[in-house]
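The values are calculated or read from the model by the stated rules, or taken from the named source; none is laboratory data. If you're wondering where the values come from, they're calculated on a predicted model, not measured in any experiment. Every residue, glycine among them, receives a Cβ derived from its backbone with ideal geometry; neighbour counts consider all protein chains shown. Surface accessibility is based on the protein's heavy atoms, side chains included, excluding ligands, DNA and RNA. Shrake-Rupley method; radii C 1.70, N 1.55, O 1.52, S 1.80 Å.
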Amino acid sequence: QVQVVESGGGLVQPGGSLRLSCAASGSGFSIDDMGWYRQPPGKGRELVASITSSGVTNYADSVKGRFTISRGNTKNTVYLEMNSLKPEDTAVYFCKARARDVLTQYQYWGPGTQVTVSS
């Protein structure tokens, strides 16, 4: 069992910045890749950025050059630095963690944190 919790969402002006944090916790698991997804109002969930345990990153085209994903030293935390925010970035942002125990791979999702970009 892995718990995933996001924080850092809120209301920000267009052009502003936010930093989202995610922590995955659970005993007996090794956290592999982690990522951020988002779900705009009335739309489906989409990948924002992902990062492997070795630090390889991937970004959606819509956020390239504006967002940066990074891992904490423990590898069970992930951050999303969001700059030059646009109204279309408004969404619930979800953290996903892939974890392994001795036998099985699992994917866990956080409950999400709201990001609203509006003047």
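Figures for the structure shown
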item	result
Antiparallel bridges, percent of DSSP beta bridges restricted to the chain (to nearest 5)	95 percent
Accessible carbon and sulfur surface of the chain relative to its total accessible area, %, 1.4 Å	48 percent
Computed FRET value (nearest 0.05) for residue 101 with residue 61, which takes r as the C-beta separation and R₀ as 35 Å	0.50
For the range 34-85: accessible area per residue (Å², 1.4 Å)	50 Å²
Kirkwood-based Rg to Rh ratio, the range 21-73, C-alpha trace	1.01
Residue 114/residue 74 FRET efficiency (R0 35 Å; Cβ-Cβ; nearest 0.05)	0.85
Computed over the chain: relative contact order in percent, which uses C-alpha pairs under 8 Å that are six or more apart	36 percent
Electrostatic dipole magnitude of the chain [Cβ: Lys, Arg +1; Asp, Glu -1; Cα centre; debye, to 20]	40 debye
Area of residue 45 that stays accessible when all protein chains are in place (1.4 Å probe, Å², to 10)	110 Å²
